[in-house]
Structure formats: structure tokens, C-alpha cells
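Participant: Pasting a structure below so you can have a look.
Nothing in this text is a laboratory measurement; each read-out follows from the coordinates by a stated rule. Predicted, not measured: the structure shown is a model, and the values here were computed from it. Quick reminder, even Gly has a Cβ in these numbers, built from the backbone with ideal geometry, and neighbours come from all protein chains shown.
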Amino acid sequence: MLEHLEELGVRQVDWVLHTHHHRDQAQGAGRLATHGARIGVPERESALFAQTDAFWRLRKRFDDYDGSSLWNTLARPVPVDRELRDHATFTWRGHELLVQPTPGHTKGSVSFLTTVDGLACAFTGDVIAAPGRVESIHELQWQYGMPDAVGAALHTVTLLAGMPIERLLPSHGAPMDDAPAALRALAGNLRALYGLLGEMRANRVWTTWPHSVDQPKSHVLPHLWANTHALSNTWALVADDGRTLLLDYGFPSWDHVFADLRFVEHTLDELIPLAGITSIDAIIPSHYHDDHLAGVPFLQARHGTQAWIHASFADIVARPDDWKLPCLLPTPIHADRVLEDGERVRFGDWSFDVFHMPGHTWYALGLVGEVDGTRIAFTGDNLLAGALSPLRAAAPIYRNRMRLDSIRVGVERLMAHEPELLLTGHTGAIAVSRPMLDDFITWARRLELAFTRLVAVPELIDEALDADLAWIRPYRLTAAPGTEAELVVGVTNHALAPAEASVTLDLPDGWMADPRTAAAEIAAGATAELRFRVRLAGDAAVGRRIVTADLVLRGRHYGQRAEAMVDVVAATQARETGQRDV
Ligand SMILES: [Zn+2]
Ligand SMILES: [Zn+2]
Ligand SMILES: [Zn+2]
């Protein structure tokens, strides 16, 4: 943009006003500031411009249940000249801009309402990208698993639709001249999504609200026991000789969430004598989330238990520092056995079919088999039934990774196995009938339709749902000044045709990358991995630095879509701890 200002007859940029903190909006702010522009930002997001070092230093990498797009914060701070308060007026050379709070796309987003050449205009950031549609969907969640941002966006859009605005000037997409109609159409589409997600909110009211200590164990079937009062349910399949297979073993209770999700042993002291357990031979976690597998390292160390981990998340739990995902357990887990899709697992006289079950997260399995004449299915957080709702998924949670059809496909795969009893992640054992699952599929299909109607480019709906269109691995590493590290940048092409991608690393001053820019052609639906060697500056100060990957895909500049944390440590410390510390 800076290069083209002269062609437009612009000699000097006085002010740049930002609608929100995302990198695609603001990554050039530092450069503009060095050219003499002053920077105005929403008061609510001021720290996300001026205090980014503190933000990144405090950013949680593990046990992180923040569903929002805060990760899309600038790598380096920019000076803030004006904090724009909600409902205040910003005046520039006789032009008055009203700062309108428009939460939704981010919590602190604002729009600027003003008159340009006699026309009432609204600069709305990422509130709307086309009549009835938004640029992307994955930002529309704040709390983990909640429809809050959709509800706030609906309120925002409804308010704007009632204002005397003639022209909408969005951050992405073309200006819109019938503003009220464009906004009303968007309100309709947001309302449809909000209604469907509301069923999930009701799902969070669970029938058992557990006590930390008094946790009665249930005898579900002659050979199947459970503690459905721990934070996530623990299931125990106990053979006649006492050999036991556990399904999920996480935190003791909800109270432990506020001890930073610290694991302490639970359930087994009582269950071992009660169920006649003689050994805990293996544990199969339903998915990679800490609340379902935090106890696995303890079982391996104290009980000699084998961890049988599905292939979709074996690397995640083995190298949690490499991944940018919510709900990661910081302690690495070594898989004693990796379960492949379509594999049959035997334990004693039982055998279970393993299948990939996306929905709640991409990184999950489903397990079905017959126990005591009942077809049981272990489905993690893909199927929960709250006190106020029918069977629904703990989804969509965009940061857990999903595609448009994930929620439906996971359950369709399950239905092919004709389950009778669901062993859920948080809502006990549920007898399941075909109509219950059909009703789930209907909900999931309606959700797919609501997503598709909401997004500006429906053919790229999977991209609109993907917070990790590009990623950097490892997500966090430690390195000493002057040393080299390898970074891999992944880019997914969600289109139906091959696409050209080019990635340029953005580095702290004095750091070098080889190559600086890498390009690839990516097949439809595939993810390309581009490799970079990064050399830290010899005089790099100790502390956390952020490296970003600037993405051009299909000729479109997406900005710094991915980031990684490099913790610069003194050379002696790097030798002592190795490249990875845990
Ligand atoms: Zn944005
Ligand atoms: Zn989960
Ligand atoms: Zn869970």
C-alpha cells in the first residue's frame, strides 16, 4: 500500500485508524509509523498493539481453553498515538469519525462512522465482507465451545442495520451501497447459526456436576465400570482375570481446572478393589485433550500401563511444544502402540474397531465393540447429551481443527457400526437409538448449511473455518544467539483446484532465514510443508521473540497467518536443557 500512495496523490499519511488488532489489518503499522503516520487503535485492544512483548510472554501454550483469535496478535509492538474510546469522536481536519463498538470478529473491534462527500459511511473492519456474509468464521468464538462471538456479532449487525448508514467499507470485500439490506441479510445468517449453536450451549448443562471426592463408581455392564464424576469420564473394561483396559483418564474433578489443570491420581484406589482389577494393562484416550489423558504419564510410570494412541494425535501428545492447539498437556506422552484407522484392537476376548472420528477435534478416534452382549462405542466429546438438550457434539471449536463436514462424518462413521451404548466424554453412558443419531445428523447438516450461507466465498468454506490455514512447527523452541533452527511452515489448499503458495518469514532485526521466501504448488485439499533455516542474531537478547509466516495463496496476500515463539536463551542454558525444554 505504502508503495502506491504516491500514484493516488497522497503525500503524507497523518493517521492510521485500526478497527482491530489482527495481523492482516495491522502488520504494516510499524512501517507507517516510521514514515510519520500516527496510529489510532480501539482502546480495548490497545495493549495488543503497544504491549505485544508482554502479551506473547504471558501467552498460554498449554491447558489453553481460549477459543478466540488472540493468537492473531502482532509479532512486535507498534507505538499507539491515540486510544479510541467506544462512542467517542475522532476529529481529523474537520472530519468527524464516531467510534462505534462492534464486537464479534474480535472482542474489541470498532467501526468508524463518518460522512464522506455527503455519503454516510461506515468503516466496519471484518464485521461484514459481502451482503449477508463474513470473510471467515473461525474468529467467531471467544470462550471455548461457546456461541458468544456469534451472538455479539448478531447484536452488532442488528444495531448497525438500524443506523442511517448508506455505504459499508469493509476490510475485506467490496464496498456495499445498500447497507441496511446487506446488514439485515447478515443478521439473518448469524441468527441461524446462533440458534444451532445454542443447542450446544444447553448441552453444557450436564446431569452430573461432580464432587471432588465423593465420586460413586458405576457398574455399567458386568465387565464395564466407570467414574462419571471425574472431570472427564474414566471407563474401565475389566476382564474376568482382573486385567483392565482404561478408556480416558484425565483430571480428578472440575475443581482441579482452577489449579491450572494439575493432574493428581484419582478413581483407581476405589475402583481397583471394587471391580477386582489386578493390573491396568492399557489406556486408550479418545482424543489429545488434557482433560482426557492427563493421567497417562502417571499410569505409565506407576502401573506399567501401555498408552495406545490413535495415529491422528500420536505426534501431538509426543511433542506438544511443536503444536499450536488448545487443551494441550505439557507433559509429552510416548505412545507404546499407535492405533491406525480401520485397525481392530484386541484386549482379552474383546475386539474393537478403531476409526478416525473428527468433529469435536480433528485429532480423535472412535472405538466400537461388543461387551457383555452390548455394542459399546467410545466417542470422547463428539457426542454429549446435556440435561437440557438432545445428543450434540462439543463442536464447532475451530481451534481444535475441523472441516465443514467433520461433525457429521464422524457420527456417520459411528452409525455404520450400529452402536447401542455411548461411552461419552462428560455425560455418562447413554443408550443410543437410530432416531437420536438421525436427529444429530440433521442438526449437523443444518450447521453445514448455516456455515455455507454465512461465508463470502462458499467454495472456500473449509478455509473460512480454518484458524490454521498456515502454521509453523515447532510452535515454540528455545535457541541460543547465533545458532540455527529449522522451521517448517505448513499451508493447506482448501480449494478444489491446485494452488500456488508463497511464504516469506518475518523475523526480528538481525535474524536471517534461508530461504527467506519459499514457494510450492499445493494439490487440491493438500497441505504443503516448506522448510526454512533460521539463524538468530549473534547479539539477540534473551527473551521470547515471535517469527511469523507471511502467506500469499492463489495470488491473494493473507498477511502473517502463522506465528511461532522462539525463546532466546543464553548459550550455557541452551546446552543444559537441549533445544527443547518441557
Ligand atoms: Zn480480522
Ligand atoms: Zn476435548
Ligand atoms: Zn473433554
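Participant: Could you give the length gained by full extension between residue 311 and residue 191, i.e. 0.36 nm per residue of separation minus their alpha carbon distance, to one decimal place?
Facilitator: Roughly 39.4 nm would be gained on extension.
Participant: What 222 nm value per residue comes from the helices of the chain, counting each DSSP H run with n ≥ 4 as -39,500 (n - 2.57) and dividing by all residues, nearest 500 deg cm²/dmol?
Facilitator: Value at 222 nm, helices only: -6000 deg cm²/dmol.
Participant: Using alpha carbons only, how many degrees (0 to 90, rounded to 10) separate the axis of helix 434-454 from the longest principal axis of the chain?
Facilitator: Roughly 10 degrees, rounded to the nearest 10.
Participant: Taking the Cα centre of segment 2-203 as origin, work out the dipole magnitude from +1 charges on Lys and Arg Cβ and -1 charges on Asp and Glu Cβ, in debye rounded to 20.
Facilitator: The calculation lands at about 400 debye.
Participant: What is the dipole size for the chain, taken about its Cα centre, with +1 at each Lys and Arg Cβ and -1 at each Asp and Glu Cβ, in debye to the nearest 20?
Facilitator: 800
Participant: Starting from 0.36 nm per residue, how many nanometres of slack lie between residue 31 and residue 433 once their C-alpha separation is accounted for?
Facilitator: 138.7 nm
Participant: Could you give the angle, 0 to 90 degrees to the nearest 10, between helix 406-415's Cα long axis and the longest principal axis of the Cα atoms of the chain?
Facilitator: Its long axis makes an angle of about 20 degrees.
Participant: A further question follows. Which FRET efficiency value, to the nearest 0.05, is calculated for residue 338 and residue 158 with the Förster distance at 45 angstrom and r the Cβ-Cβ distance?
Facilitator: Calculated transfer efficiency: 0.35.
Participant: Hey, rough spin-label estimate for residue 496 and residue 571, points 7 angstrom out along Cα→Cβ, what's it come to in nanometres?
Facilitator: It works out to 5.8 nm between the two label points.
Participant: While we're on this one: If the convex hull of the alpha-carbon atoms of segment 2-203 is projected onto planes in all directions, what is the mean projected area in square nanometres?
Facilitator: 12.1
Participant: Pop out the ³J(HN,Hα) list for segment 294-311 in order, Karplus 6.51 cos²θ - 1.76 cosθ + 1.60 with θ = phi - 60°, rounded to Hz; leave Gly and Pro as x.
Facilitator: Karplus-based 3J(HN,Hα) across segment 294-311 equals 4, x, 5, x, 4, 4, 5, 6, 8, 10, x, 6, 8, 8, 9, 10, 5, 4 Hz.
Participant: Hey, another quick one. Specify the inter-centroid distance of segment 396-453 and segment 23-43, based on alpha-carbon positions, in whole Å.
Facilitator: Rounded to whole Å, the Cα centres lie 44 Å apart.
Participant: Taking every pair of alpha-carbon atoms in segment 279-362, what share in percent sits in each 5 Å bin, from 0 to the bin with the longest distance?
Facilitator: Distribution as computed: 3, 15, 26, 25, 19, 10, 2, 0 percent.
Participant: Okay, moving on. Which lysines, on any chain, are close to residue 107 with Cα under 24 Å apart, when same-chain ones fewer than 8 places away are left out?
Facilitator: 60, 324
Participant: Going by a ≥ b ≥ c, the root eigenvalues of the Cα gyration tensor, does segment 392-477 fall in the rounded group (a/c under 1.5), the prolate group (a/b larger than b/c) or the oblate group?
Facilitator: Taking the square roots of the gyration eigenvalues as a ≥ b ≥ c, segment 392-477 is oblate.
Participant: What do the square roots of 5 times the Cα gyration tensor eigenvalues come to for the chain, in whole Å, largest first, as semi-axes of the equivalent ellipsoid?
Facilitator: 45, 29, 20
Participant: Let me ask something additional. How tilted is helix 148-161 with respect to the longest principal axis of the chain? Cα atoms for both, answer in degrees (0 to 90, nearest 10).
Facilitator: So the inclination is approximately 30 degrees.
Participant: May I ask for log10 I(q)/I(0) of segment 469-577 at q = 0.11, 0.17 Å⁻¹, from a Debye sum over the Cα atoms as equal point scatterers with solvent left out?
Facilitator: Here log10 of I(q) over I(0) equals -0.36, -0.74.
Participant: In addition: Zone of residue 442 (label point 7 Å along Cα→Cβ, backbone N under 17 Å): which residues in segment 176-197?
Facilitator: 195-197
Participant: Separate question: For segment 1-86, which GluC sites (Glu not before Pro) pass both filters: DSSP loop (anything but H, G, I, E, B) and at most 14 other C-beta atoms within 10 Å?
Facilitator: Passing sites in segment 1-86 are 6, 7.
Participant: What net charge do the residues around residue 532 carry, taking every other residue with its C-beta under 14 Å from that of residue 532, with Lys and Arg at +1 and Asp and Glu at -1?
Facilitator: Cβ neighbours under 14 Å give a net charge of -2.
Participant: I've got another one for you. Please work out how much length the chain gains when fully extended from residue 375 to residue 54, using 0.36 nm per residue of separation minus the C-alpha to C-alpha distance, in nm with one decimal.
Facilitator: 110.4 nm
Participant: A further question follows. Could you check what % of the DSSP bridge pairs in the chain are antiparallel, to the nearest 5?
Facilitator: 75
Participant: If each of residue 167 and residue 13 carries a label point 7 Å out from its Cα toward its Cβ, how far apart are those two points in nm?
Facilitator: Taking the simple label geometry, residue 167 and residue 13 are separated by 2.0 nm.
Participant: P(r) for segment 188-332: what percent of alpha-carbon pairs falls in each 5 Å bin, starting at zero?
Facilitator: Going from the shortest bin to the longest, the percentages are 2, 9, 17, 19, 18, 14, 10, 5, 3, 1, 1, 0.
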